[in-house]
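These notes are about the structure you will find just below.
Bear in mind these aren't lab numbers, they're just calculated from the coordinates by the rules spelled out. This one's a predicted model, so the numbers in the text were calculated from it and none came from an experiment. Every residue, glycine as well, gets a Cβ built from its backbone with ideal geometry; the counts of neighbours run over all protein chains shown.
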Amino acid sequence: MANTEIPVGNYDLIRLYISSTEMVLKNGDSFTYNMNQNGYSGNGIMQNGMLLNSNNKSVDITLNNPLTISEGGMSEFLLDMDVDQSFMLEGVNFTGTGANRMMSMSGFTFMPTMRFVDLLNTGTINGTVQNATDNLANATISLMQNGSVYTTTHSDAQGNYAFIGIPDGDYTMTIELDAYMLDTTGNELNMNVVTMTQHGTMSINFKMVSAN
């Protein structure tokens, strides 16, 4: 997002300025919220309490651990917005089945869910979502910690996914994909506790079968 010089000191808050949000469905329907206007189009609304300053349309992110900037130092940080957790859909309706399943909705509530981590002390989890013959796109993979969602991601057109900036600790993983379920074999590693270490890289693949 940015590469800039910051004065030496300790920082405990980040202020994020958001101009607008937009959600586009596969059928072409678009829902937007413009932060610079009073109101919304397409029934997009802002969650109460998230706009902490209505004049500059900002969201304040309080840091659990102060960010220390030293003279001549250089650090790389990740500000990650979890899209799945940040948009609460309103009036959702599904039609069709399998690959032809389509979703419609009447709008959304925007609730920014973000994490800010120092990449120096984190690791990466990556892998592929597959069935017996193909790589599978659009699967939702969730990284869980202490029974709660830590972050989510999705497999791309080639079936690949990645979690970056994951602090050391123990996690579990879940996966969801319309018309599919986990294979009863081939998923032994991803069904257990995953232990991330600093600077570690883990490769975890998911094997899926048709749910029909």
Legend entry - Separation in nanometres of the label points that stand 7 Å from Cα toward Cβ, at Thr124 and Leu78: 1.0
Legend entry - Förster radius 30 Å - calculated FRET efficiency between Leu13 and Asn138 (Cβ-Cβ, nearest 0.05): 0.25
Legend entry - Pairwise FRET efficiency - Ala157 versus Phe94, Cβ, R0 = 30 Å, nearest 0.05: 0.85
Inset, instruction - With r as the distance between the Cβ atoms of Ile164 and Thr185 and R0 = 22 Å, compute the FRET efficiency 1/(1 + (r/R0)^6) and round to 0.05. - result: 0.15
Legend entry - Rough spin-label spacing in nm, given labels placed 7 Å along Cα→Cβ, for Val193 and Ser148: 1.9
